[in-house]
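The values are calculated or read from the model by the stated rules, or taken from the named source; none is laboratory data. Please read all numbers here as calculations on a predicted model, not as lab measurements. FYI the Cβ positions are ideal-geometry reconstructions off the backbone, even for glycines, and counts take in every protein chain you see. Surface areas here come from the heavy atoms of the whole protein model, side chains and all, with no ligands, DNA or RNA. Shrake-Rupley method; radii C 1.70, N 1.55, O 1.52, S 1.80 Å.
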Amino acid sequence: MVDEILAGPPGEAEGPPVEPAQPRVGIHGGGFGDRIYSGVITLSALCVPALLLLIFWVITKAGWLALHTFGFGFLTSSQWDSVKQQYGAAPALYGTLVSSFVALVLATPLALGVAIFLSEFAPAWLRRPVAFLVDLLAAIPSVVYGLWGIFVLVPFLRSWVMPFLRDTLHLGATPFFSGPAYGPSMLAAGVILAIMILPYISAVSREVLMAVPRSQREAALALGATRWEMLWGAAIPFARSGIAGGVILGLGRALGETMAVTMVIGNRQEIATSLFAPGYTMASLIANQFTEATSDLNLSALMAVGFVLFVVTLLVNAGARWLVWRTSLETSI
Amino acid sequence: MPASEALARARADAADLAAQPARMEVRELNAHFGVVHAVKDVSMPIPEKRVTAVIGPSGCGKSTFLRTLNRMHETVPTARISGTVLLDGQDIYAPAVDPVSVRRHVGMVFQRPTAFPTKSVRGNVAAGLGVLRSVGERVDVDERVEEALRRAALWDEVKDRLDVSALELSGGQQQRLCIARALAMNPGVLLLDEPTASLDPLSTEKVEDLVRQLREDITVVMVTHNMEQAARVSDQTGFFLHGELVELSPTSQLFTRPGDTRTEAYITGRFG
Ligand SMILES: Nc1ncnc2c1ncn2[C@@H]1O[C@H](COP(=O)(O)OP(=O)(O)OP(=O)(O)O)[C@@H](O)[C@H]1O
Ligand SMILES: [Mg+2]
């Protein structure tokens, strides 16, 4: 049977042509098993969106009491008081968005630099080890980042970076870099997050850069472009929607990251424009308060924060995906 | 055409080619990919303002040879090269020569269209102009774009669509766009690697007309699998086999009275 198939189309094969009945046996022989198999596959594929909906439903239900009680004020109020039973998630929402934004601003150029170096300039023997080390950053447990943040990063920011930004560069005049340097701060959270998401952005960017067809690079070189001009004029534009995808992946990680951020952000329920001031994120709010939730409303408020985090993550992802889709439409193959 | 007439024509063509100064000259050129010896000991003058065709069976080293003429060969990591390639009497492989500047003078169009997908039609044609400006040349982009598109016989088809993505053009239009992109740089020599391999007969004809026109101003080296095409547009033809240049003759001679039995076998379709 196999031999006959390997021999090519029946016309070329020697001897009598293959009877159509024979292969049909092969196709239908495992019919029952196939059906079970495809059933199982379909079921597991449906499980994932079902799980998503289930989580969404449970969180919404659990947070409904708080959402109902405080309404839209839940998003705008800065008060989180379990004695007065007043709950508002504004500082945590603000902190989540700002710390992730800072992380993206810091991580994206760095990650892109690493990706460009590894895909374009590094000698072959250096590529694998460096790529491996960068990828390893993603394997470090979050709590270890937190510890490192507390003992190394925060003191370093406090005694060097913050004074440097504020006084030496005179950025203290702007609201973003003013005020006392305590250490635990929005800046610290942003930096930790930047390090944590860097491997994701750089790995994806590296892959898409290496996947840029040779012909595109050669086309640029043949026009008399230098390697650098080829990179910015042909390779990066070609890879840009993939790179954007990597940035979204990183953003998704940053929005939900809990442990390391909790350990360095200072956990204060207040919106401060200065990045030197402590803040809060939604994820760390939930993690910190869950065991101490005293009342139904308190518990429900935490669930509602979870709901908001869920929605924000979905919205940001959807928005970013839409952006990628738009740019790739303009440039589709 | 009577034999004597053909002979006279071949003689006249040979005299014309010999009278023309060599824009480029290849001497004892060898090109390798790792252990593959792709171009073997090739020597060839490339006369100014004439069209040189390169023919030969698949894998015989035509593309590799072409890519040694503008130093694209060395962009392949395993590539090695030895020998001399003169451009206006200067060795382009001399240590002091920057490959980037060679490629600005020797333009190249690849076998398959390589339009930049994220750029518009205009952006594609202008892609190399930024490079020229960075070396201090003054260029009027719109003017150059129009001129290049006109020369590539594409202007009438795209003049109202200069800002759409290059990918909205047909394959044949994209190939002419790539030719326009190379022409916008005003190269003195243009290398064409099977420029009509992916084109329909009508576009092919346009490209051939273009090559004949280019011959007025610049030097063209063209790889082709189509022997009629070589016969139609070229002045001299080189026949490659297994990396060697078997024969280089005036085109009118090579196709009527080949000087080598292997050439004859190839052009009469006995192998290849
Ligand atoms: N990037 C590469 N790496 C290794 N070997 C290569 C590479 N490109 C070409 N070669 C080899 O070099 C030889 C010449 O190839 P080349 O592409 O020059 O042939 P060609 O005459 O242009 O063929 P075709 O008509 O099919 O385009 C072939 O044996 C090919 O396998
Ligand atoms: Mg080729």
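Considering only segment B:58-79, state which residues are near ligand 1 (Cβ under 7 Å from one of its atoms) and over 22 Å from B:ARG104 (Cβ atoms).
B:SER58, B:GLY59, B:CYS60, B:GLY61, B:LYS62, B:THR78
I'd like to verify a number: residues in segment A:231-263 that are open to solvent by less than 10 Å² (accessible area, probe 1.4 Å) and within 14 Å of another protein chain (Cβ to nearest Cβ), how many? Working first, answer last.
Kept after step one, since they are open to solvent by less than 10 Å² (accessible area, probe 1.4 Å), are these residues of segment A:231-263: A:231, A:234-235, A:239, A:246, A:250, A:254-255, A:260-261.
Filter once more, so that each one left must be within 14 Å of another protein chain (Cβ to nearest Cβ): A:231, A:234-235, A:239.
Count: 4.
Does B:ALA94 qualify as being of a type in the set (A, V, I, L, M, F, W, C), within 9 Å of ligand 1 (Cβ to nearest atom), surrounded by fewer than 22 Cβ atoms within 10 Å (Cβ to Cβ) and more than 12 Å from chain A (Cβ to nearest Cβ)?
no
If a residue must be open to solvent by 20 Å² or more (accessible area, probe 1.4 Å) and out of contact with any Leu (no Cβ under 7 Å at 6 or more places or on another chain), how many such residues does segment A:264-276 contain?
8
Taking segment B:104-137, which residues are in contact with a strand residue (DSSP E or B) (Cβ under 8 Å, 6 or more places away or on another chain) and within 16 Å of ligand 1 (Cβ to nearest atom)?
Matches in segment B:104-137: B:MET108, B:VAL109, B:PHE110, B:GLN111.
If I go through segment B:155-202 residue by residue, how many of them are part of a loop (DSSP other than H, G, I, E, B) and more than 25 Å from B:GLY56 (Cα to Cα)?
Total satisfying the criteria: 13.
Of all residues being more than 11 Å from chain A (Cβ to nearest Cβ) and touching a residue at least 40 places away in the same chain (Cβ under 8 Å) in segment B:166-176, which is farthest from ligand 2 (Cβ to nearest atom)? Just the residue, please.
Step one: of segment B:166-176, the residues more than 11 Å from chain A (Cβ to nearest Cβ) are B:169-176.
Narrowing further to those that are touching a residue at least 40 places away in the same chain (Cβ under 8 Å): B:169, B:171, B:174-175.
Numbers: B:LEU169: 23, B:GLY171: 18, B:GLN174: 18, B:GLN175: 15 Å.
Only one residue fits best here, namely B:LEU169.
Please give the number of the condition B:LEU149 fails out of (1) more than 11 Å from every other protein chain (Cβ to nearest Cβ); (2) buried (at least 20 other Cβ atoms within 10 Å of the Cβ); (3) assigned to a loop (DSSP other than H, G, I, E, B).
All conditions are met except number (3).
What residue, of B:VAL85, B:VAL102, is open to solvent by less than 30 Å² (accessible area, probe 1.4 Å) and within 14 Å of chain A (Cβ to nearest Cβ)?
Of B:VAL85, B:VAL102, the one residue that is open to solvent by less than 30 Å² (accessible area, probe 1.4 Å) and within 14 Å of chain A (Cβ to nearest Cβ) is B:VAL102.
Picking from A:LEU110, A:LEU193, A:LEU147, which residue would you name as being surrounded by 19 or more Cβ atoms within 10 Å (Cβ to Cβ) and at pLDDT 95 or above?
Just one listed residue meets the conditions, A:LEU193.
Taking the stated definitions as given, is B:ALA53 more than 16 Å from ligand 2 (Cβ to nearest atom) and small (Gly, Ala, Ser)?
Against the criterion (more than 16 Å from ligand 2 (Cβ to nearest atom) and small (Gly, Ala, Ser)), B:ALA53 does not qualify.
Quickly run through segment B:21-32 and pick out the residues that are out of contact with any His (no Cβ under 9 Å at 6 or more places or on another chain) and under 27 Å from B:GLY243 (Cβ atoms).
B:ALA22, B:ARG23, B:MET24, B:GLU25, B:VAL26, B:ARG27, B:GLU28, B:LEU29, B:HIS32
I need the full set of residues from segment B:181-195 which are within 16 Å of ligand 1 (Cβ to nearest atom), aliphatic (A, V, I, L, M) and more than 10 Å from chain A (Cβ to nearest Cβ), in order please.
Passing the criteria: only B:LEU192.
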